[in-house]
Amino acid sequence: MTAQPASAPQPPAGPAGQVPTGQVPAPRARRPEAPAGPSLSPSRAADFKTCPLLFRFRTIDKLPESPSADQVRGTLVHAVLERLFDLPAAERTPEAAVALVEPEWRRLLDQEPALATLFADPATPPAGPSADAASAAPGDAGLVRDPAAVAAEADATGQQALIDIPGGAEAARIAAFLAGAGNLLTGYFAVEDPQRLQPAERETLISTLIGDELLLRGYIDRLDVSPAGDMRVVDYKTGGAPREAFEGRALFQLKFYALVLWRTRGIVPRVLRLLYLKDAEVCDYSPEAAELERFERTLIALSDAIERAKRDRDFRPKPSRLCGWCSHQALCPEFGGTPPPFPETAPTTPFTPDSEPDSEPDRLSTSRRDATLN
């Protein structure tokens, strides 16, 4: 994977802003219909690799997590970029993108009114029934401002300014939040010219069955397809370019997308591209068929390990620098906590499209994202 800071928009590769020719055909996997077996998404698979106990809290216990301002801003920027490509090519300008920020923010609030509490006075408990994340029921809309999470958010564009504004200045906080979204859009136009692109698909759920049971599924932000059929997957990242702790997760996500596309469409994507909007950097990765075959075996082994942990009810914490971002420290033995009783039906709970929230560090879960973008 190569990263390159962008001082000017990069010209798209290939005709109509797409990628050049050259593919490796693959055996087709079956498309899932109503799978009852195990499933993996890039985020949940990465969770288990990062910390098995975190996987349990999110996927089995389904403990609520308060979205951070960073995730909400990431969802907002993704929505703006989604809408930007609804415009005619000549109208996809930086000014047009910025003009979409406030309407998309209002639309997000219509879907999730509780998000407005992110900008309330930190000394004032948020309104609603869910003031305690540890005791709230899954799906509660109330938000909790965890001091540890707030401290972690300070790394994102505009977030430090949002935190430092004196209490009570909600309008100023919202203005800083929206300005931060505008800054990220400036980063987007520094690395790409949307007037020269015509995406084939946007916000697409891709999925396939590996073997007889394992369902792989994930959302891709954008898919470009050349006249020759070559594919380029583009993923927007609103955080900074990956530091050591996050680089492995980003590469894992890209390989996951490449494998699913190869198995369902018979083509290895020519390029998988990460656009880091905060730092105006492009990270490209070009997978190969043999590598994806090895990665498929890795995912099968990972799924087997997850199913074994479910049977044994053995999800152990794995301390790392990422613990500072975790919403569940109060329940983690590494921090003196005790996990809740293991749900009796968790190991045999069938998969449904809404049963596996798929949140990324820079955006809300897919359930919220789908409601916002569709």
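In this rough spin-label picture, where each label sits 7 Å from Cα along the Cβ direction, the Glu213-Asp193 distance is 5.2 nm.
What number comes out for the charge environment of Val268, summing +1 per Lys or Arg and -1 per Asp or Glu over other residues with Cβ under 12 Å away? Walk me through the numbers on the way to the answer.
Numbers: positive: Arg232, Lys255, Arg263, Arg265, Arg270; negative: Asp230, Glu288, Glu291, Glu293.
Result for the local shell: +1.
Between Arg321 and Ile174, 0.36 nm times their residue separation minus their Cα-Cα distance comes to what?
Taking Arg321 through Ile174 to full extension adds about 49.9 nm, to one decimal.
Modelled this way, with points 7 Å down the Cα-to-C-beta line, the labels at Ala90 and Glu334 are 5.6 nm from one another. Each Lys and Arg Cβ is given +1 and each Asp and Glu Cβ -1; about its Cα centre, segment 172-291 then shows a dipole of about 280 debye.
Cross-link list Lys49/Lys237; Lys62/Lys255; Lys49/Lys310: which exceed 24 angstrom alpha carbon to alpha carbon? Walk me through the numbers on the way to the answer.
On the way: Lys49/Lys237 21 Å; Lys62/Lys255 26 Å; Lys49/Lys310 15 Å.
Beyond 24 Å: Lys62/Lys255.
Read the figures in this text as sums done on the coordinates, not as results from a lab. Note that the coordinates shown come from a computational prediction; the quantities given were computed from them, not determined experimentally. With ideal geometry, Cβ positions are generated from the backbone for all residues, glycine too; neighbour counts draw on all protein chains shown.
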